[in-house]
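The values are calculated or read from the model by the stated rules, or taken from the named source; none is laboratory data. Everything numeric here is computed off the predicted structure, so don't read it as measured data. Positions of Cβ are generated from backbone atoms using ideal geometry, with glycine treated the same way; all protein chains shown enter the neighbour counts.
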Amino acid sequence: MSAHTRYLYFLLFLAGFILTGCTGSASVGKTSQVPADSLANASKDLFVKGVFSAAGGNYADAITRYREVLAAEPENAAVHFSLSKAFIAMSEPDSARYHGEKAVLYNPVNKFYRQLLAGIYFDMKSFREAAVQFERLAETDPSDTRALFYLAHAYLGDEMHEQALKTFARILLLDPTNEKALVQSLWLELKLKQYGGAIHSLKNLIEQSGGNDKLQLTLGELYSRSGKPDKAQEVFRKMVGEKPSFIPAWIALFETHIEQGEQELFLKELRRFYAIDDISFSRKIELIKLFMFRAENDEGYNEPVNIMTEELAVRYPQNASVYVLRGMLLLARKDFRQAGEDFQKALDLDPHDIFTWEELASAYMSQDQYHHVFYTVSQAQKATGRSSLRLEVFKGYALFRSGVYLKSAEILENALAYEKQEGSPWLLVQAHITRAMVYDKLHEPMKSIDAYRKVLGIDPENALALNNLAYLYAERGENLDEAMEYALQAVAAEPENPVFLDTLGWLYYKTGDYRKAREIIEKALSKEPGEPEIYEHLAEIYRSLGEEAKAKEYIDKAQELRNGE
């Protein structure tokens with residue numbers, strides 16, 4: 001919004017404020033309370049012409065007329081007031097402010113002059129000055145709730161939250177059911193952590209709204225925050241009693257029991273929840289997933305999640321989803337063997353769910369049981385009549401780790417056909433990284449380079465791909481500037497990784513900076529003293545620095561390590 005338009009809007013708003021009066025202030029605006037600002041006969045014509053010019057939108061002419069009047073009567077408040085309004089229309093706030101201040105100075109009891117000045121201060125973000133003017137207006141008529149609202153918002157603009165809260169309290173004394181004042185008071189009480197006051201405000205809002213669910217939940221949360229868990233539980237129990245299928249109230253109730261360490265009460269309420277037929281099985285599963293997510297960041301939720309899962313398995317022993325869920329929980333806790341058993345139970349109940357087959361393969365993969373991975377993928381394809389990108393990547397990786405490189409490359413190339421069906425970025429990254437490593441074993445560097453480039457096309461900050469691509473370029477002696485950028489990025493991502501440090505040091509060697517190369521690769525060696533390749537690289541560097549004895553020492557150490565492999 002342009003400055004000109006903003007001031008016009010404000011003028012219209014102010015005119016409405018002036019003309020409509022304020023709630024509960026019948027006496028405001030009576031002419032008997034406002035001293036008249038008289039004009040000498042000689043100035044009346046000029047003033048009237050100015051008024052007509054302003055009415056017609058010719059504010060420049062109006063300002064000229066008013067100034068001529070002021071030349072004769074410099075302390076005429078009405079003329080200053082008219083000039084102030086004209087300058088507002090001309091989007092000249094400084095001049096509007098000047099004349100508004102003069103109007104109030106020369107006629108301090110005229111409420112319209114003070115309203116105009118207060119509005120100018122507010123629009124110019126001079127909130128402290130605006131608050132002074134609105135306070136004077138409120139003092140003139142203590143029942144003027146509109147002036148109090150503007151006063152409160154001036155305090156808010158100046159971040160004087162305590163004063164704003166007190167002002168809303170003044171409004172509520174005059175109008176206890178004023179919803180806007182209640183909402184603002186509640187927000188400020190929460191911000192200031194005045195939970196007792198917030199609870200009082202919230203109860204009033206609930207009473208007016210007829211029991212709004214969100215407000216009820218907030219009330220329970222406030223009781224929890226203010227150290228009154230019993231009160232919080234009372235609110236949540238009442239909610240689930242009135243609406244048994246209202247999940248957010250159940251979640252809040254469970255949380256209070258968990259946070260208070262009330263395991264028996266938690267179990268009792270959980271069984272009530274599971275017994276409600278109106279709550280679908282899928283929603284019960286989703287609730288457990290929510291608490292599983294909480295457990296990732298708060299260990300206090302681990303045991304409750306176990307209880308939730310076990311109780312669900314007792315109630316629904318023939319539902320495969322229960323065992324899948326429990327298997328995923330066990331996977332997250334690195335109990336891979338038990339996870340595998342649960343996935344197998346799920347498959348015994350529903351052998352057609354490909355996701356469960358994927359999770360079972362994942363459990364075997366985590367245990368480096370690659371023959372089981374390969375077998376699981378084959379069984380999944382038979383049972384479901386199809387495969388997936390994830391299963392194909394598992395199979396390709398299992399073959400790679402088993403040393404069956406050609407077959408692995410074939411599987412992974414075919415797996416890319418699933419990209420259009422399943423565009424999961426992390427799976428595609430895994431597929432391309434595995435392809436790159438397979439082609440490295442098959443001594444096909446160009447295919448390996450292509451695979452790493454595809455990784456960076458999906459994930460430009462993948463540190464492993466950046467490092468390995470940089471090393472391939474270093475070994476081939478090509479694209480060394482590009483390789484240096486990749487190596488620096490990889491080390492920036494993992495500054496203590498000895499493999500990444502070795503690559504960066506090797507690139508400094510390849511570009512002729514032997515001393516920098518030695519410094520970095522010696523740091524890599526300090527972090528990984530058992531890697532023969534790092535000793536070999538240092539030997540080459542010392543040879544280039546003319547230190548043959550040192551070079552031989554490192555070559556011998558590398559050979560010793562390789563013989564011991």
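Output yes when any residue across segment 220-242 is among the aliphatic types (A, V, I, L, M), surrounded by 21 or more Cβ atoms within 10 Å (Cβ to Cβ), more than 30 Å from residue 147 (Cα to Cα) and modelled with pLDDT under 90, and no when none is.
Scanning segment 220-242, I find at least one residue that is among the aliphatic types (A, V, I, L, M), surrounded by 21 or more Cβ atoms within 10 Å (Cβ to Cβ), more than 30 Å from residue 147 (Cα to Cα) and modelled with pLDDT under 90, so the answer is yes.
Out of (1) surrounded by 19 or more Cβ atoms within 10 Å (Cβ to Cβ); (2) at pLDDT below 90, what's the single condition that is false for residue 152?
(2)
Against the condition part of a loop (DSSP other than H, G, I, E, B), within 44 Å of the chain's Cα centre (by Cα) and free of Cβ contacts under 8 Å to residues at least 60 places away in the same chain, how does residue 546 come out, does it pass?
no
Here is a list of conditions, (1) more than 25 Å from residue 302 (Cβ to Cβ); (2) over 29 Å from the mean Cα position of the chain (by Cα); (3) buried (at least 20 other Cβ atoms within 10 Å of the Cβ), and residue 210 meets all of them except one; can you say which number that is?
Among (1) more than 25 Å from residue 302 (Cβ to Cβ); (2) over 29 Å from the mean Cα position of the chain (by Cα); (3) buried (at least 20 other Cβ atoms within 10 Å of the Cβ), the lone unmet condition for residue 210 is (3).
Yes or no: segment 77-98 includes at least one residue that is farther than 13 Å from residue 117 by Cβ, touching a Ser or Thr at 6+ places or on another chain (Cβ under 7 Å) and not in a helix (DSSP H, G or I).
no
What pairs come out if I take residues in segment 73-85 that are under 11 Å from residue 104 (Cα atoms) and pair them with residues that are assigned to a loop (DSSP other than H, G, I, E, B) and of a type in the set (Asp, Glu) whose C-beta lies under 6 Å away, six or more apart or interchain?
76/37; 77/37; 78/37
Would you kindly identify the helices (runs of 4 or more DSSP H) lying entirely within segment 119-211 that contain at least 2 residues that are within 30 Å of residue 107 (Cβ to Cβ) and of a type in the set (Ser, Thr, Tyr)?
In segment 119-211, the matching helices (runs of 4 or more DSSP H) lie at 145-157.
Here's the yes/no breakdown for (1) aromatic (Phe, Trp, Tyr); (2) farther than 18 Å from residue 213 by Cα; (3) in contact (Cβ under 8 Å) with a residue 24 or more places away in the chain:
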{"site": "236", "(1), (2), (3)": "yes, no, no"}
{"site": "271", "(1), (2), (3)": "no, yes, yes"}
{"site": "292", "(1), (2), (3)": "no, yes, yes"}
{"site": "298", "(1), (2), (3)": "no, yes, no"}
{"site": "306", "(1), (2), (3)": "no, yes, no"}
{"site": "317", "(1), (2), (3)": "no, yes, no"}
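Restricting segment 122-131 to residues that are at negative phi and surrounded by fewer than 23 Cβ atoms within 10 Å (Cβ to Cβ), which is farthest from the chain's Cα centre (by Cα)?
129
If a residue has to be more than 32 Å from the chain's Cα centre (by Cα) and crowded, with 17+ Cβ neighbours inside 10 Å to count, how many in segment 157-169 make the cut?
The number of residues fulfilling the criteria is 1.
Please indicate, with yes or no, whether at least one residue in segment 136-152 is among the small types (Gly, Ala, Ser) and closer than 25 Å to residue 223 by Cα.
no
Which residues, counting only those in segment 453-496, are over 23 Å from residue 525 (Cα atoms) and surrounded by 23 or more Cβ atoms within 10 Å (Cβ to Cβ)?
455
Tell me which residues, restricted to segment 263-280, are surrounded by fewer than 15 Cβ atoms within 10 Å (Cβ to Cβ) and either of a type in the set (Phe, Trp, Tyr) or more than 19 Å from residue 237 (Cβ to Cβ) (or both).
If the condition is that a residue be surrounded by fewer than 15 Cβ atoms within 10 Å (Cβ to Cβ) and either of a type in the set (Phe, Trp, Tyr) or more than 19 Å from residue 237 (Cβ to Cβ) (or both), then 277, 280 are the ones that fit.
For the structure I just gave you, tell me whether residue 535 is closer than 13 Å to residue 557 by Cβ and out of contact with any His (no Cβ under 7 Å at 6 or more places or on another chain).
yes
Do we find that residue 456 is in contact (Cβ under 8 Å) with a residue 24 or more places away in the chain and either in a helix (DSSP H, G or I) or in contact with a Phe, Trp or Tyr (Cβ under 9 Å, 6 or more places away or on another chain) (or both) in this structure?
No, not satisfied.
Table: residues versus (1) aromatic (Phe, Trp, Tyr); (2) more than 27 Å from residue 372 (Cα to Cα); (3) out of contact with any Ser or Thr (no Cβ under 9 Å at 6 or more places or on another chain).
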| position | (1), (2), (3) |
| --- | --- |
| 289 | no, yes, yes |
| 298 | no, yes, yes |
| 306 | no, yes, yes |
| 321 | no, no, no |
| 326 | no, no, no |
| 330 | no, no, yes |
| 333 | no, no, yes |
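In the set 519, 560, which member is at pLDDT below 95 and either on the phi < 0 side of the Ramachandran plot or touching a Phe, Trp or Tyr at 6+ places or on another chain (Cβ under 6 Å) (or both)?
Answer to the selection: 560.
In segment 459-475, what count of residues is obtained for those that are within 30 Å of the chain's Cα centre (by Cα) and without any contact (Cβ under 8 Å) to a residue 24 or more places away in the chain?
Qualifying residue count for the region: 1.
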